[in-house]
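For reference, the structure discussed in these notes is given below.
The values are calculated or read from the model by the stated rules, or taken from the named source; none is laboratory data. In this text, all values refer to a predicted model and were calculated from it rather than measured experimentally. Backbone-built Cβ (ideal geometry, glycine too); neighbour counts: all protein chains shown. Heavy atoms of the whole protein, side chains included, go into the accessibility calculation; ligands, DNA and RNA do not. Shrake-Rupley method; radii C 1.70, N 1.55, O 1.52, S 1.80 Å.
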Amino acid sequence: MSKNINPTHMTMTTIKIMVIQMMKTTFLRTVLASAVVLGMTASVVQAKETIRVSTYVNESDIRYDGFKKFAELASQKSNGDLDIQIFPSSTLHGWSEGVDAVQGGVSDVSWIPADKRLACYRVTSLYPAAVSLENQIDLDAEYAELMRSESAKVGLVPLINSNYSYDQEWWFEEPIQDLSNLDGKLVRSIGPLVSSMIESWGGKPVFVAPKEVFQSAERGVVDGINMGVATYSSWKLWSVMPYMVNANLFYGNIMYMMNKNKFDSLSESNQTALLEAAKEAETWLKPRYEDWVDQRVGNAVMKGGGAAVTVSQEDRHAMIEKAQSSWNSEVDAACGKPLANKVRALFAKHAN
């Protein structure tokens, strides 16, 4: 028969073994509890996502404030999970490198220029059309949706629309009589459509990146410039080419796209937060952007020695129709007829 162990009969060795076992048990419990706490802490740290946004606009541009608003909204809507970092003035990469920069991880979000890998976007993100900006946010969103499938094929997701229909205009050192008769002038172009239009008007297109426009204009590399008023004013170009021709010939949208793998890696709630922040930032910026552009033009004309003339409505529509007739074959070839027709129908729905 077994006997109950009497503590007084226990040896010192037995007591030591029991104490060591108790210490081990306590230690293991402490380690496990610490691991749980550390695991929880690590999960909190890992949930915070840094997203680097690259833009060509500089910090004096009202659109930079729009990106700051986007960052603020994204942080709020994600409960601090999303940390948007903004890199202005093309500090991460050059004008034409948007697709490569996002695909290669140089930036997570960037403006996307007229890249041949995005054939339909390349020929429709700047399109000759008389559009109304009354419902611009919806127009931009519908256009982005039409480009979504093509973007996904090169690993991109449309995120922010940077509509410059309002201010994409023309500047020259001296007054010109007729924009449609450039008489051999060298004019800065931003893409294939603008180059086609300049050539049809008897001019010669020259590609110049935004950061190089001031030097090009100052040194006489170009005789004229096609650019948005916001960018033009931010780079202080009124002093070198003060004569503005307000023609309002385009629908223009330099879209900012995100690396698709990066976007897909976010939680569903953070994806929603990011998309909502982008749309709300666009809405917040629109009236401020237009007021800012108007003020820059007004100040240049009234105080800076600039001049601004507006193309008549009749001439404007004639120039648009001429550009469309030659450009639509490019759009059909790049987009395919079904998608090309959807794009044109969208612009027609928002016609002005």
Problem set entry | Longest DSSP-loop-exposure-free segment, trypsin sites (Lys or Arg not before Pro), the chain, at most 14 other Cβ within 10 Å | 117-218
Exercise. Using a simple spin-label model with points 7 Å from Cα along the Cα→Cβ vector, what separation in nm is obtained for GLU174 and ASP138?
Worked result: 4.8 nm
For this session: Name the residues whose placed amide hydrogens come within less than 5 Å of the amide hydrogen of GLN85, ignoring near sequence neighbours (fewer than 5 apart) on the same chain.
Result: ILE51, ARG52, VAL53
Exercise. Hey, with R₀ at 35 Å, roughly what FRET efficiency would THR283 and ASP100 work out to, going by the Cβ-Cβ distance, to 0.05?
Worked result: 0.70
For this session: Mind checking which lysines have their Cα closer than 26 Å to the Cα of LYS77? Skip sequence neighbours fewer than 8 apart in that chain.
Result: LYS48, LYS68, LYS69, LYS260, LYS262, LYS279, LYS286
For this session: Work out how far the C-alpha atoms of the range 312-352 reach from end to end along every principal axis, then list the three figures in whole Å, largest first.
Result: 34, 21, 8
Problem set entry | Volume of the Cα convex hull of the range 89-240, divided per residue and given in Å³ | 119 Å³
Exercise. How about LYS349: which aspartates and glutamates have a C-alpha closer than 18 Å to its C-alpha, ignoring those fewer than 8 places off in the same chain?
Worked result: GLU134, ASP138, ASP140, GLU142, GLU145, GLU321
Exercise. Taking all protein chains as present, what is the carbon and sulfur share of the accessible area of the chain, in % to the nearest whole number, probe 1.4 Å?
Worked result: 54 percent
Exercise. GLU145 to LYS48: extension gain in nm, 0.36 nm per residue of separation minus the Cα-Cα distance?
Worked result: 32.1 nm
Problem set entry | Ellipsoid equivalent to the range 65-162 - semi-axes via the Cα gyration tensor, in Å | 23, 19, 13
Problem set entry | Spin-label pair ASP291/GLU268, simplified geometry with 7 Å Cα→Cβ offset, distance in nm | 4.0 nm
Seminar exercise, completed: Here D for the range 204-293, in µm²/s, from Stokes-Einstein with a Kirkwood Rh over Cα pairs at 10 °C and 1.306 mPa s, works out to 98 µm²/s
Seminar exercise, completed: The set of residues whose placed amide H lies less than 5 Å from the amide H of ILE254, leaving out same-chain residues fewer than 5 positions away, is SER162, TYR164
For this session: Compute the FRET efficiency between GLN85 and GLN215 as 1/(1 + (r/R0)^6), taking r as their Cβ-Cβ distance and R0 = 45 Å, and round to the nearest 0.05.
Result: 0.95
For this session: Could you tell me which GluC sites (Glu not before Pro) in the range 69-178 are loop residues by DSSP with no more than 13 other beta carbons within 10 angstrom of their beta carbon?
Result: GLU134
Exercise. Using θ = phi - 60° and the Karplus curve 6.51 cos²θ - 1.76 cosθ + 1.60, what whole-Hz ³J(HN,Hα) does each residue of the range 101-112 get, with Gly and Pro shown as x?
Worked result: 5, 6, 5, x, x, 5, 9, 8, 9, 8, 5, 10
Problem set entry | Tail weight of P(r) past 21 Å, computed on alpha-carbon pairs of the range 176-242, percent | 18 percent
For this session: Of the options GLY298, LEU285, GLN215, report the single residue whose Cα projects farthest towards the positive end of the charge dipole of the chain (beta-carbon charges: Lys, Arg +1; Asp, Glu -1).
Result: LEU285
For this session: Would you work out the relative contact order for the chain, in percent, from Cα pairs under 8 angstrom that are 6 or more residues apart?
Result: 23 percent
For this session: Show CYS335, CYS120 ordered by accessible area, largest first, where the area counts protein heavy atoms only and the probe is 1.4 Å.
Result: CYS335, CYS120
For this session: Within the set of other residues whose C-beta is less than 10 Å from the C-beta of ASP83, count the net charge using Lys and Arg as +1 and Asp and Glu as -1.
Result: 0
Problem set entry | Per-residue ³J(HN,Hα) for the range 159-169, Karplus 6.51 cos²θ - 1.76 cosθ + 1.60, θ = phi - 60°, Hz, x for Gly and Pro | 10, 10, 9, 10, 6, 10, 4, 5, 9, 7, 9
Exercise. Each residue of the range 324-339 in turn: what ³J(HN,Hα) in whole Hz from Karplus with 6.51, -1.76, 1.60 and θ = phi - 60°, glycine and Pro shown as x?
Worked result: 5, 4, 8, 8, 4, 5, 5, 5, 4, 5, 7, 9, x, 4, x, 5
